[in-house]
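Working notes, structure below.
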């Protein structure tokens with residue numbers, strides 16, 4: 001059974017279409033699974049959007065679950081979803097489906113071929129990325145900072161589409177500590193440290209939608225969190 005986690009923050013408008021697309025993915029493939037919406041303390045009607053939408057979605061071998069949290073950040077939401085997941089493997093994609101749900105096909109193939117973790121990547125051959133120039137620039141700068149501060153063997157730590165074996169997911173997220181957006185880099189740092197096999201998967205990203213993320217506010221936090229990871233390692237907090 002595949003567990004699919006959708007971390008959501010104020011996604012009432014887009015969640016119904018995203019849930020329908022995810023359900024169609026499972027049904028079309030005859031794939032048993034669970035879709036877990038983890039609400040990171042939304043202030044809009046995200047809980048009602050979930051409840052109203054799932055009433056009309058197909059069931060069968062597909063389960064829909066909702067986890068409501070206080071606002072902590074995307075990392076805290078994904079961690080809660082991973083620890084609650086019952087399936088194997090465990091995946092997450094952003095609730096707005098900026099990364100199309102069919103990326104799960106390629107991630108599944110990577111795990112079937114022997115990877116412990118499969119990562120959708122914007123920076124490997126075969127990827128096509130169309131996004132505003134300033135987002136591309138921020139991504140390049142942050143990516144270089146990640147590789148200066150942290151030993152990770154992944155070109156794209158931050159892309160919001162990943163799949164893990166249940167063993168890898170439970171182990172790594174149990175050890176992780178960050179609740180913000182830098183959780184991706186932290187988990188992949190821990191994966192390298194633990195010897196898990198990671199494979200990057202190309203995909204097409206069209207990113208022209210308005211985002212609720214404040215980059216002016218979040219970027220300094222993300223930079224600081226990179227150094228927190230090294231300090232946590234130095235003081236042996238990842239046990």
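Of the residues making up region 147-156, those that are closer than 24 Å to residue 129 by Cα and either surrounded by fewer than 18 Cβ atoms within 10 Å (Cβ to Cβ) or at pLDDT below 85 (or both) are 147, 148, 153, 155. Scanning region 63-76 turns up at least one residue that is surrounded by fewer than 21 Cβ atoms within 10 Å (Cβ to Cβ) and more than 30 Å from residue 182 (Cβ to Cβ). Candidates are the residues of region 157-176 that are in contact with a strand residue (DSSP E or B) (Cβ under 7 Å, 6 or more places away or on another chain) and surrounded by fewer than 20 Cβ atoms within 10 Å (Cβ to Cβ); the one that is nearest to residue 218 (Cα to Cα) is 160. Out of the residues in region 86-125 that are farther than 28 Å from residue 193 by Cβ and in contact with a strand residue (DSSP E or B) (Cβ under 9 Å, 6 or more places away or on another chain), state the one that is modelled with the lowest pLDDT. Taking the candidates together, the pick is 98. Checking region 31-44 against the condition returns a match, with at least one residue being at pLDDT 95 or above and out of contact with any strand residue (DSSP E or B) (no Cβ under 9 Å at 6 or more places or on another chain).
If you take just the helices (runs of 4 or more DSSP H) that sit entirely in region 43-158, which of them hold at least 1 residues that are more than 20 Å from the chain's Cα centre (by Cα) and in contact (Cβ under 8 Å) with a residue 12 or more places away in the chain? Steps first, answer last, please.
Details: elements: 46-54, 74-84, 103-112, 133-149.
Ranges flagged: 46-54, 133-149.
Given (1) within 24 Å of residue 132 (Cβ to Cβ); (2) modelled with pLDDT of 95 or more, identify the lone condition not met by residue 170. Unmet for residue 170, out of (1) within 24 Å of residue 132 (Cβ to Cβ); (2) modelled with pLDDT of 95 or more: (1). Scanning region 1-31 for residues that are without any contact (Cβ under 8 Å) to a residue 40 or more places away in the chain and in a loop (DSSP other than H, G, I, E, B) yields a count of 4.
Taken over region 48-61, the criterion of being surrounded by 15 or more Cβ atoms within 10 Å (Cβ to Cβ) and either touching a strand residue (DSSP E or B) at 6+ places or on another chain (Cβ under 6 Å) or modelled with pLDDT under 95 (or both) is satisfied by 50, 54.
The values are calculated or read from the model by the stated rules, or taken from the named source; none is laboratory data. Because the structure is a prediction, the values reported are computed rather than measured. Methodologically, a virtual Cβ is constructed for each residue, glycine included, from the backbone with ideal geometry; neighbour enumeration extends over all protein chains shown.
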